[in-house]
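Report on the structure given below.
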Amino acid sequence: MRDRNTPLKLVRLWPKMIQGCYEQLDILAGAKEDKTLWWPDYCRLPVNATVTYLQKCGMDRRQASVMASELTACWMWRKNKVVCSFDRSLAEMLAEQARESDDTDVLPAEVLLHPPLPIVYIRTPGLLEQIDGFFYWVDYDITRRDAALRVQWVQEDMSRSFGQAMHITPGATLRECAWDTIKASRENLGAPAVVEVKPVAEMAGTLLSALQLVLYLVAENSEVTEDPAGRGFASIDGGKKVVSITDPEREVKSYSVGRRIGGVIRRARLEDSGQDGGEAVRKRPHSRRGHWHHYWTGPRDGERTLILKWTAPTFIHVNDGELGERNIVSFPGKK
């Protein structure tokens, strides 16, 4: 995977703007181990702490609040540099589920608290205009004392990004968390709760689209395969020789998400449209879209685990071999 297809460009911009910024965040993160500060283990470093650091660097509160999530994302991601590239057909289908999210609404918010890694960069070129993908991680809001799903959208040229967050309230459903976030956004814009605000609605739709991809990545039966070309190797001598990259700043671990299921989706669409050379298949009036299924495992009086699975749309006719059963590799550094 080439640098231009990764957030490395953005990662390298920050030390040019603020010398030693990553080292300073290392020190801040160490305050938890020293028991000087506390936050939950699922969070590497609260964005609130980065806001305070940027203010000490001379930024005003508003600017620091806007830029802190990007710096936190870059600082975290440079430690594992994992990129998950979604198949475009699968990404589009998952994003469409956000428009009819009845099954997503009832999912326990806890499902988001166990990401495969502290941070992942998800590539979704074509999903949003001029956007290559987004970082996602679980943050801890020191002020509210609750968790938040952070999504940091990155432009195609990797020069800028913008962030979104959804608070994760203990014991709440994703619907309740989403509405809590929308309400907070309206209040920040100075709008009454009963007024529909177009920018807020658009932002909510964008966040919910990203949420569907995040849910797929944490699902028990997600299809994630390692990309050999993305494990820190480079071609030289006109592609005749392959060497290992030893510079840790350049090593990116690349994974493909939904490669097989994406192919199945495309074949099904061609069959339904008749473009495969055969007769057009009549539209199925009762076909069901893709949806989420969840259940708990473990003793009722002990520690329980929430299992999430994605069920493909009925018109795809996916068999077990095509969808896979937890066909996922072990991410480097995964706890």
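Brief remarks follow.
- Radius 15 Å from Cβ of Asn48, net charge of other residues (Lys, Arg +1; Asp, Glu -1): +4
- Estimated vicinal HN-Hα couplings, Hz - region 222-227 in sequence order (Karplus 6.51, -1.76, 1.60; Gly, Pro = x): 5, 9, 10, 10, 6, 9
- The largest accessible area among Cys57, Cys43 belongs to the first residue in Cys57, Cys43, and the rest follow in falling order (1.4 Å probe, all chains).
- Shape call, region 95-137: gyration tensor on alpha carbons, a/c limit 1.5: oblate
- Note, ³J(HN,Hα) from phi for region 141-150, Karplus 6.51, -1.76, 1.60, rounded to Hz, x at Gly and Pro: 8, 5, 5, 7, 6, 8, 7, 8, 7, 9
- 3J(HN,Hα) couplings calculated from phi for region 168-178 with the Karplus curve 6.51 cos²θ - 1.76 cosθ + 1.60 (θ = phi - 60°) are, in sequence order, 10, 7, x, x, 8, 8, 5, 4, 4, 5, 5 Hz; Gly and Pro show x.
- Solvent exposure ordering (accessible area, 1.4 Å, most first) of Asp41, Asp301, Asp141: Asp301, Asp41, Asp141
- Solvent-accessible surface ranking, highest first, for His293, His167 at 1.4 angstrom: His293, His167
- DSSP finds beta bridges in region 84-142, and of those with both partners inside it, around 60 percent are antiparallel.
- Long-range amide H partners of Val120 with built H, under 5 Å: Tyr136
The values are calculated or read from the model by the stated rules, or taken from the named source; none is laboratory data. Because the structure is a prediction, the values reported are computed rather than measured. Quick reminder, even Gly has a Cβ in these numbers, built from the backbone with ideal geometry, and neighbours come from all protein chains shown. Calculation scope for accessible area: heavy atoms of the full protein, side chains included, ligands and nucleic acids excluded. Shrake-Rupley method; radii C 1.70, N 1.55, O 1.52, S 1.80 Å.
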